[in-house]
Amino acid sequence: MESEGKIVFTEEQEALVVKSWSVMKKNSAELGLKLFLKIFEIAPTTKKMFSFLRDSPIPAEQNPKLKPHAMSVFVMCCESATQLRKTGKVTVRETTLKRLGANHSKYGVVDEHFEVAKYALLETIKEAVPEMWSPEMKTAWGQAYDQLVAAIKAEMNPSD
């Protein structure tokens, strides 16, 4: 939800996101890898979007470049979610957003890819904190992800 350009992220939503992220943070490398393996399972063709996976004979889960990339994506998603209420906007550096927008555009990322990633992210979080998971937590994380994607999409087509 937005109100006069500021994102409305309730105190309750923030608490759910912050609490679950504090539990997941220590496992962010493994959880990031799980996230990407879920994405590849749901949409196998997405593997071809990654130059380091495209022609690699190594299985994705053993590729030494995937885990650091996956961890950085997972951490960025989670950290931006925890800042949403405080700042009223996605707090990823503008240069990072521009690079993300350019890269996602260059590699042909479309809405369906973002939807697959959202589903995979929510499933990864649900599996990471099953005792905390609730419909409210799902909504909070989903909303935070949607805001991050909106910021990336804005940089994918900056002339629109």
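The values are calculated or read from the model by the stated rules, or taken from the named source; none is laboratory data. Here the structure is a predicted model, which means the values were calculated and not measured. Glycine gets a Cβ as well: all are built from the backbone with ideal geometry, and neighbour counts include every protein chain shown. In case anyone asks, the SASA skips ligands and DNA or RNA and just uses the protein heavy atoms, side chains included. Shrake-Rupley method; radii C 1.70, N 1.55, O 1.52, S 1.80 Å.
Does Glu115 meet the test of being closer than 19 Å to Lys25 by Cα, free of Cβ contacts under 8 Å to residues at least 12 places away in the same chain and exposed (fewer than 14 other Cβ atoms within 10 Å of the Cβ)? For Glu115, the condition - closer than 19 Å to Lys25 by Cα, free of Cβ contacts under 8 Å to residues at least 12 places away in the same chain and exposed (fewer than 14 other Cβ atoms within 10 Å of the Cβ) - is not met. Taking the listed residues Thr124, Thr82, Thr139, the one that is open to solvent by 50 Å² or more (accessible area, probe 1.4 Å), of a type in the set (Val, Ile, Thr) and within 19 Å of Leu16 (Cβ to Cβ) is Thr139, with no other qualifying. Only residues that are buried (at least 17 other Cβ atoms within 10 Å of the Cβ) and at pLDDT 75 or above were counted across the stretch 88-100, and they come to 1.
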